[in-house]
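Some notes on the structure that comes next.
The values are calculated or read from the model by the stated rules, or taken from the named source; none is laboratory data. Because the structure is a prediction, the values reported are computed rather than measured. Ideal geometry is used to build each Cβ from the backbone, glycine not excepted, and the neighbour counts take in all protein chains shown.
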Amino acid sequence: MKTRFTLLLILLFTVNAFSQDILVSGTVVSAEDNMSVPGVNVIVKGTTRGVSTDFDGNYSINVKSGETLEFSFIGFKPQSVTIKNQATVNISLEPDVASLDEIVVIGYGAQKKADLTGSITTIKSEDITRTPSAAPMQSLQGKVAGLQVVSSGAPGTSPTVRVRGLGSYTGDGASDPLYVVDGAFFDDIDFLNNEDIKTISVLKDASASAIYGVRAANGVILIETHSGKPNQKPQISYSGYQGVQVAHNVVKLSNSEQFATLARESGSAAEASFIENAMQRYGRSRINPNIPAVNTDWYDLILRHALIQNHNLGVTGGTEDITYSIGLSQFEQEGILRTKNDYERFNIRTKLNVNVSDRLKVGASTLLSNATRYRPEETAFALAYFAVPTMPVLDPSKTDAFPRPYANANDLGYRGTQNPFPVIENTENRNKIRNTLMTFDLQYEVIPDKLDFKTAYFHNLETLEVREVRLPFSFGIGNADRNTAELIKRKETLSEQTWDNTLTYTDDFGKHNLTVLAGTSFRDRSFEQLEIKGINFPNGPGIGDESYFLDLSKDIDLTERANRDRFTGDDGARQYFFSYFGRIAYNFDDKYLLYGTFRADGTNKYQEKWGYFPTIGAGWVVSSEPFMKDNGVFDFLKLRATWGELGNANVASSSGSITSEETIASFGDTRFPGLITSSDFEILKWEVTEETNFGFTARLFDNQLSIESDYFTRETRDAIIPVSRLLIPGETRQNVGVIRNSGIEFVINWNKRVSEDFSYSIGGNFSTLKNEILDLAGQENLTSGGDTAQRSVVGGAINSFFGLEVAGVYQTEAEILADPAAVTARGNGLTVEPGDFRFVDHNGDMEIDAQDRVDLGSFLPSYSFGFNLGLNYKAFDFSLNVIGQGGNVIANIKRFSIRQSPDPNIDRDFAVNRWRGEGTSNTYPSARGIRNPWSNQFLNSFFVEDGDFVRLQNVTLGYTLPKSKGKFNPDIRFYITAERPLTIFKYNGFNPEVANGRDQQTYPIPGVYTLGVNIKI
């Protein structure tokens, strides 16, 4: 009996021991950087019991011995640990490449990346903040296949952004993409700070973009800003950098010795005499008495090293029902032009989301941006290019000049003043830019986990206050001056209100997954502008900007400008848009995907009030098929295809007028008075873009290798082009053109964790583009640009450069006599000599004229690429980006423009490589030949140069300090960055990035070198 009782006690004690709870605690960190991971789900397997890690990655949970803990978090591979008797379990989570960016933001919602059928590329915060720039889109350069970002060097200016080519003939932003910031529409996002952005998603094909209707024909850029996280302690973060900007690849101009040699070789007695005048006025060189003593490098004088800095302070956090995010930022950038051309911006951002109940959520956010930009006097670069080096900046003998004794090339005999400093120092262009974005949304679960209703209101208010000041200056008596003080003030106000309402139904039944969205959108866009020009306000020594007010001006300018607008005027416009839209996303067994959208857009902008735009997409996840199981290569393989139509409402609305003229007509012997009525009024509708996209997405070798590729054709029908009117002089815009863009995009990335201390990633992207005009409504071509012509013809690209083809340079008189075209030119009175260009007579009529002009190339690159490398070793991180493009050309308008005057300087490249006699050059003409009317009667291939380039875009090296022991344990990382330290190109200019291909006075794009720190508390 005692034995049985003893055995029973032992059995009861054993059962009680196994059933007793054990308090297990620990810390969860990332295996990649050993940083704590907050928000990790810690669940007891097979139960609903669980907790989440706190901000420091810590957790504690009661577990019974023998139970299993499961640790999971988006972006990491899940882990499981069976509990025996251990009280401490620390976990190191491995990154899961396959599930990174698992949820992708799309129009009016989100979708699993595996379920996407369209072409979408998402760039994350760490890649955006690596670029020291005021413009967030600058950080995407070279990172997204099919996206062209053309840099701009001037502080506060927007880069040119094109998604999959150019689909509109008209300019003025007709081909710009739509920007959507947390649901609100914008024309650009330069008011945003890089640190405020969580992700930027580029929606490239029609299927992905069409839910946004007539604003989305040129692609959509979706921006998601940072938000707080539930159950997160307040996290305070600071990030900042400071650095210097340096002008690279500065064009070398001819020095005084080279310039004097060119003048004497030009054959112009006047130019030779100007050199003598310079020596008489400013003295002779001690080294060579045949050249002037003055040797001014104008580019060196107008350029400087410039500072750049950025500081950001943020607080994020949340409870179970409330999340919040607050951000402050200050950005400052000096311009590299030695004048007041700076930019500074202060931003405040707030975002709040509240779970009012289990079924009701509300959210609100504000963004206030206050910026001041001093626009550069960009004519300074053209003036400096042409300024002769034999003249100084100041001439002490000019005692009658003011406000300083500026030197003047007129005094040497030249026709222009050529000194850029009077314009630089006496011109100020200030823009004050304010953006206020307010949003409010409410979401209610009509049927829990099934049907959601969401209403959202957005109001964006932008104001621009422009002040342009032109102070008088004088080169002295009898010289060209600016005689009056001019003050232009302009105020622009843009108000855009949007109200969106959506119903979203989501359901799973068996292997079927269905999401249906239906919605409406109303948009009210109004614009007002007031501009006034005052003349002769108080100015002079001791008087500053306290006098820059219109009421102090003696006169108001009411004269008309060349475009018939007055300098003083009032203008405005208001447009309304109303839309119905819907989307269906269907998934069967995670293998077969079907996606479709439809949007009806109505507006008062065009005569045709409504447009209807459908899209459809399909996907097949091949890797989910039984025959792909355990294939050993593909972890994921999906084939995609989409088709869709979109409208483009970016094109300017209809314009024109109806005019009547009194006249008298005779019928028989009787005269009758009457009216002749004519109309040039345009009847326009939106352009329609039809796009087809085929692609695949693959992940291989345990998800370490990812590949994505797309082929697309984007055809713009009803493209608005100018059409000549019958019987009536002039032209009007009509929807009659057809333009096609097509290409291939390819992206590949490899990620590998070699050991606990070392991991690396390497990747690249490559894309092609063919821009082609298919129809001009029977017109032979569309030509613009005068003697520097750009022409659009069927079969060619939009606005290709158009001119004569250079076959070489005449070396001898015999070569000239052997060329029938040159002999004909001489017979027509033109001078043709050795050292002049030899042109191709394309039509064979033995004469070089306008009929021999041919396509010289497009400013649009035919291919572009990017390469990235990332290394992580213990506390060190290193990244490198390389970008490039090719197949495009740049018209060197600066160099071509010297033909218009025998006076100006020219670049050193020409001075060194010019033709100086037989056999010296078959590419460059002589000093006389480059100004000879025979050689430059039209734009030619010598002045249209190769635009290919390869650039080391960004190099960053960072170090994260080890965490200290104790309660105060911040994450601190220091880094250094070099942005654009090296660019390799052949073009004879500051840089090979010219948005429209015409380089006349392009602001240089500097290299940027910064030192920064990131701190999280």
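Couple of notes before you dig in:
- Screening Lys491 with (1) closer than 22 Å to Ala371 by Cα; (2) crowded, with 18+ Cβ neighbours inside 10 Å; (3) among the charged types (D, E, K, R) gives one miss only, at (2).
- Of all the residues in region 164-179, those that are among the aliphatic types (A, V, I, L, M) and more than 28 Å from Asn249 (Cβ to Cβ) number 2.
- Among the candidates Ser926, Ser941, residue that is in contact with a Phe, Trp or Tyr (Cβ under 6 Å, 6 or more places away or on another chain), in contact (Cβ under 8 Å) with a residue 24 or more places away in the chain and not hydrophobic (A, V, I, L, M, F, W, C): Ser926
- Number of positions in region 827-880 that are farther than 30 Å from Glu918 by Cβ, surrounded by fewer than 19 Cβ atoms within 10 Å (Cβ to Cβ) and charged (D, E, K, R): 2
- Which numbered condition Glu265 fails, given (1) without any contact (Cβ under 8 Å) to a residue 60 or more places away in the chain; (2) more than 44 Å from the chain's Cα centre (by Cα): (1)
- Strands (runs of 3 or more DSSP E) enclosed by region 107-175 - at least 1 residues per element that are within 13 Å of the chain's Cα centre (by Cα): 147-150, 160-163
- Any hit, region 750-773, residues being touching a Ser or Thr at 6+ places or on another chain (Cβ under 9 Å), modelled with pLDDT of 95 or more and in a loop (DSSP other than H, G, I, E, B): yes
- Unmet requirement for Gly544, which otherwise passes all of (1) surrounded by fewer than 14 Cβ atoms within 10 Å (Cβ to Cβ); (2) touching a residue at least 24 places away in the same chain (Cβ under 8 Å): (2)
- The single residue among Tyr282, Tyr324 that is of a type in the set (Phe, Trp, Tyr) and within 41 Å of the chain's Cα centre (by Cα) turns out to be Tyr324.
- Which listed residue, of Arg998, Arg916, is among the basic types (Lys, Arg), more than 29 Å from Glu126 (Cβ to Cβ) and out of contact with any strand residue (DSSP E or B) (no Cβ under 9 Å at 6 or more places or on another chain): Arg916
Okay, residues lined up against (1) buried (at least 21 other Cβ atoms within 10 Å of the Cβ); (2) farther than 27 Å from Asn312 by Cβ:
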{"position": "Gly107", "(1), (2)": "yes, yes"}
{"position": "Lys112", "(1), (2)": "no, yes"}
{"position": "Leu116", "(1), (2)": "yes, yes"}
{"position": "Ser125", "(1), (2)": "no, no"}
{"position": "Leu140", "(1), (2)": "yes, no"}
{"position": "Lys143", "(1), (2)": "yes, no"}
{"position": "Thr157", "(1), (2)": "no, no"}
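- Failed condition for Val244, given (1) surrounded by fewer than 24 Cβ atoms within 10 Å (Cβ to Cβ); (2) among the aliphatic types (A, V, I, L, M); (3) farther than 30 Å from Asp300 by Cβ: (3)
- Restricting attention to region 393-430, the residues that are over 21 Å from Glu486 (Cα atoms), at pLDDT 90 or above and within 39 Å of the chain's Cα centre (by Cα) add up to 1.
- Scanning region 161-178 for residues that are at pLDDT below 90 and on the phi > 0 side of the Ramachandran plot turns up Asp172, Gly173.
- The set of residues in region 331-367 that are aromatic (Phe, Trp, Tyr) and surrounded by 20 or more Cβ atoms within 10 Å (Cβ to Cβ) comprises Phe331, Tyr343.
- Some residue of region 733-749 being more than 13 Å from Gly870 (Cα to Cα), basic (Lys, Arg), modelled with pLDDT under 95 and in contact with a Leu (Cβ under 7 Å, 6 or more places away or on another chain): yes
- Residue selected from region 1001-1015 under the condition hydrophobic (A, V, I, L, M, F, W, C) and within 14 Å of Ile336 (Cα to Cα), by the criterion surrounded by the fewest Cβ atoms within 10 Å (Cβ to Cβ): Val1008
- For the residues Gly156, Gly240, Gly173, the requirement of being within 30 Å of Val793 (Cβ to Cβ) and touching a residue at least 60 places away in the same chain (Cβ under 8 Å) singles out Gly173.
- Qualifying residue in region 959-969 (condition: under 24 Å from the mean Cα position of the chain (by Cα) and outside the structural domain of Val809 (by TED's automatic domain parsing)): no
- Number of the exception - Glu377 against (1) surrounded by fewer than 16 Cβ atoms within 10 Å (Cβ to Cβ); (2) more than 30 Å from Tyr505 (Cβ to Cβ): (1)
- Qualifying residue in region 908-917 (condition: under 30 Å from Gly835 (Cα atoms), at pLDDT below 95, among the polar types (S, T, N, Q) and touching a Phe, Trp or Tyr at 6+ places or on another chain (Cβ under 6 Å)): no
- Positions within region 498-519 being among the polar types (S, T, N, Q) and surrounded by fewer than 16 Cβ atoms within 10 Å (Cβ to Cβ), in sequence order: Asn501
- Within the set Glu334, Glu271, the sole residue that is at pLDDT 95 or above and not small (Gly, Ala, Ser) turns out to be Glu334.
- The set of residues in region 415-425 being touching a Lys or Arg at 6+ places or on another chain (Cβ under 9 Å) and surrounded by 21 or more Cβ atoms within 10 Å (Cβ to Cβ) consists of Phe421, Pro422, Ile424.
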